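A short reminder: the numbers here are calculations on the coordinates, not readings from a lab. Every value quoted in this text rests on a predicted model; they were computed, and no experiment measured them. Don't worry about glycine lacking a Cβ; one is built from the backbone with ideal geometry, like all the others, and counts go over all protein chains shown.
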Amino acid sequence: MSRRSRSTLDREPWWVSGVFYQVYIRSFADTNDDGIGDINGVIGHLDYLEWLGVTGIWLSPVTTSPDADWGYDVADYHAIHRDLGSMADLDLLIASANQRGARILLDLVPNHTSDQHQWFVDSRSSRTSPRRDWYVWADPKPDGSPPNNWVSSFGGPAWTLDPLTDQYYLHNHLAAQPDLNWWNEDVRQAFDEILCFWMDRGVSGFRIDVCNIIVKDAELRDNPPATVHDDWESRLFGQRPVYNANRPEVHDVIRRWRRLADARGDRCVLLGETPVDIGVLAEYYGDGTDELHLAFNFPFLSAPFDAETLRMIVEETGSRLPGNAQPAWTGSNHDMSRFSTRWADGDIRKSRAALLMLLCLRGTPVLYQGDEIGLCDVPVAHEDMRDPLGVAYWPAYAGRDAMRTPMPWKNEPGGGFTGPSVRPWLPLGGLESKTVEDQRKDPGSLLILARDLIGLRHITPDLRSGRYASLQAPHGIWSWRRGENTVVAVNFTDNAATLEGLEGEILIATDRARDGTSLSGSVAISPWEGLVARVGSLPE
Ligand code: GLC
């Protein structure tokens with residue numbers, strides 16, 4: 001709590017004033033030298049996360065899984081994956097994080113289970129199993145083909161024929177990830193119980209995996225074909241996901257979860273994985289008080305690093321979201337190329353500008369482990385690939401391993417991630433220039449910039465929750481005001497430019513030599529530079 005005042009946290013819900021951080025646990029820190037990160041590794045780095053200023057820690061799945069999709073195929077929602085630790089470890093993590101003013105969010109995977117989950121084992125055992133209807137089963141068409149034309153978001157048909165009972169089951173991802181039937185009240189109740197189980201253990205919320213697709217069309221109607229006007233994904237799959245995603249009834253389930261969360265006061269936050277356009281995204285906030293608290297903004301995450309595009313997405317999001325609903329901004333995650341590669345192409349100036357942008361928008365920033373040190377995607381050789389998508393589609397698509405490689409803590413064998421002679425589950429990268437240890441010693445590093453920006457956000461009401469307003473700026477510069485007295489500007493071009501009409505003081509610039517400089521009228525901004533300044537009140 002060093003640089004945060006208690007009163008700050010009292011004024012706004014913690015998830016509004018907070019800075020979130022995604023821990024991809026298998027690649028965070030390994031304490032038992034098996035090459036896999038674990039819960040104890042997170043506990044061991046809480047000092048670091050507190051120093052960085054993180055207040056919400058989202059853990060990628062920690063529950064039991066055969067790892068067909070690395071934890072996103074859950075075999076038991078109430079037990080900890082043996083590779084990652086024990087329930088006692090998780091309890092200790094929750095308590096230790098809370099003591100440091102940070103809260104733990106778990107990854108909830110409600111759309112599907114593992115095919116090893118006892119529910120599915122029961123369900124597939126016979127057509128008359130009491131759990132048959134917990135999953136989506138349907139007869140083949142007369143010619144033996146799948147019940148409809150739906151395709152899996154991992155490619156191929158979304159249906160697999162189970163020879164035991166001669167019916168198809170639905171899976172919107174791998175065949176080893178059967179979709180639950182969310183029309184079934186017993187499934188809904190089972191998840192109510194799961195949410196309560198974890199909230200009772202002290203977790204402060206959930207990141208909810210593909211929460212927009214859990215309810216499917218009750219009649220299993222065919223999706224219509226894609227047209228040239230559709231997004232790239234629809235065109236890739238040849239169909240628009242009208243009947244297997246974003247069904248109106250999904251909102252009943254989310255409202256149900258919100259009631260459970262709200263019963264815990266302000267503590268519990270629902271952060272949805274919502275890969276949808278902005279208009280649909282807004283619907284997942286309900287009336288602003290009754291559905292998701294926060295929803296990931298995929299148009300932003302997948303946009304090019306371009307001032308005009310990002311500005312328009314941010315402004316459209318602001319105008320579409322209901323009431324005071326809080327956006328969530330992220331530049332990387334375990335599924336998407338890291339922003340230091342995708343946005344910055346390895347150019348440290350661009351990584352610095354991207355970080356400043358993320359931390360100065362109105363909304364909750366969610367950093368992915370490694371963002372704060374400018375970690376880039378790490379190429380993973382075909383024989384080292386672990387992601388089922390890379391394994392299936394290489395060389396056309398190398399999968400998601402490149403964004404899941406271990407954290408480079410120190411420039412030494414094992415990288416401070418694991419023991420010096422241990423082979424990590426994915427190869428280490430970023431040791432040469434990017435380690436946490438090296439950057440902590442360097443006042444000009446990206447890590448110190450990240451920490452200072454987070455600290456500034458915690459002590460500056462304008463940055464925490466002040467409203468956003470776009471300011472006039474030359475082409476390629478995005479400049480905005482936060483609250484009354486704070487201005488942010490980022491130059492997204494290779495050319496120097498001048499901003500007019502700013503009187504005040506630079507608080508933090510990506511060129512740290514400019515911190516504390518006073519501004520009087522014209523302000524030069526270098527290529528790919530970003531700055532945040534305190535200014536006098538600006539006209540409305
Ligand atoms: C989400 C997860 C991804 C996983 C998929 C299926 O998109 O982020 O990692 O593969 O859901 O559960």
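With charges only on Cβ, +1 for K and R and -1 for D and E, what is the dipole size of the stretch 431-540 about its Cα centre, in debye, rounded to 20?
360
Which residue, 53, 63, 134, has the largest displacement toward the positive end of the dipole of the stretch 49-139 when charges sit on each Cβ (Lys, Arg +1; Asp, Glu -1)?
Farthest towards the positive end: 134.
How many angstrom separate the Cα center of the stretch 90-115 from the Cα center of the stretch 300-348?
Cα centroid to Cα centroid, the span is 25 Å.
Starting from the Cα of residue 98, move 7 Å in the Cα-to-Cβ direction to define the label point; list residues of the stretch 256-286 whose amide nitrogen is under 17 Å from there.
Only 261-269 fall inside the zone, counting backbone N under 17 Å.
Where does helix 250-262 land angle-wise versus the long Cα axis of the chain, in degrees 0 to 90, nearest 10?
Tilt of helix 250-262: around 60 degrees.
How much length, in nm to one decimal, is gained on full extension between residue 392 and residue 315, taken as 0.36 nm per residue of separation minus their Cα-Cα distance?
Extending this stretch completely gives an extra 23.9 nm.
Going by alpha carbons, how many degrees (0 to 90, nearest 10) lie between the helix axis of 87-99 and the longest principal axis of the chain?
Roughly 30 degrees, rounded to the nearest 10.
Just to be sure I understand the model, the point goes 7 Å from the Cα along the line to the Cβ. What's the resulting residue 189 to residue 381 distance in nm?
5.4
Any idea what the dipole of the stretch 128-258 comes to, in debye rounded to 20, about its Cα centre with Lys/Arg Cβ at +1 and Asp/Glu Cβ at -1? Present the calculation step by step, with values, prior to reporting the outcome.
Details: 14 positive and 20 negative charges, 71 e Å.
With Lys and Arg at +1 and Asp and Glu at -1, about 340 debye.
Check the straight Cα-Cα distances from residue 141 and name the aspartates and glutamates below 13 Å, setting aside those fewer than 8 residues away within the same chain.
Counting by Cα, and skipping residues close in sequence, residue 141 has these aspartates and glutamates nearby: 166, 222.
How large are Rg and Dmax for the chain when calculated on the C-alpha trace, in angstrom?
Rg, Dmax (Cα atoms, Å): 23.4, 77.
Efficiency by 1/(1 + (r/R0)^6): what FRET value for residue 201 and residue 512, r their Cβ-Cβ distance, R0 = 30 Å, to the nearest 0.05? Mind showing how you got there, number by number?
Working: r = 42 Å, r/R0 = 1.39.
That gives a FRET efficiency of 0.10.
Using the beta-carbon distance between residue 459 and residue 219 and R0 = 45 Å, what value does 1/(1 + (r/R0)^6) give for FRET efficiency, to the nearest 0.05?
Details: r = 54 Å, r/R0 = 1.21.
Efficiency computed from Cβ-Cβ geometry: 0.25.
Distance in nm between label sites at residue 79 and residue 32, each 7 Å beyond Cα in the beta-carbon direction?
The modelled label-to-label distance comes out at 1.4 nm.
Could you name the lysines whose alpha carbon sits less than 27 Å from that of residue 410, not counting residues in the same chain fewer than 8 places away?
350, 434, 441
Going by alpha carbons, how many degrees (0 to 90, nearest 10) lie between the helix axis of 185-200 and the longest principal axis of the chain?
Approximately 40 degrees, to the nearest 10.
If the cut-off is 15 Å between C-alpha atoms, which aspartates and glutamates fall inside it for residue 216, apart from same-chain ones fewer than 8 positions away?
Filter leaves 133, 179, 185, 249, 252.
Report the calculated FRET efficiency for residue 524 and residue 335 (r = Cβ-Cβ distance, R0 = 30 Å), to the nearest 0.05.
With a Förster radius of 30 Å, E is 0.20.
By how many nm would the segment from residue 128 to residue 277 lengthen if fully extended, with 0.36 nm per residue of separation less the alpha-carbon distance? Walk me through the numbers before you get to the answer.
On the way: separation 149, 0.36 × 149 = 53.64 nm, distance 4.02 nm.
Full-extension gain reported as 49.6 nm.
Using the crude model of +1 on Lys and Arg Cβ and -1 on Asp and Glu Cβ, and no other charge, please compute the dipole size for the chain relative to its Cα centre, in debye to 20. Mind showing how you got there, number by number?
Numbers: 52 positive and 76 negative charges, 247 e Å.
The dipole magnitude comes to about 1180 debye.
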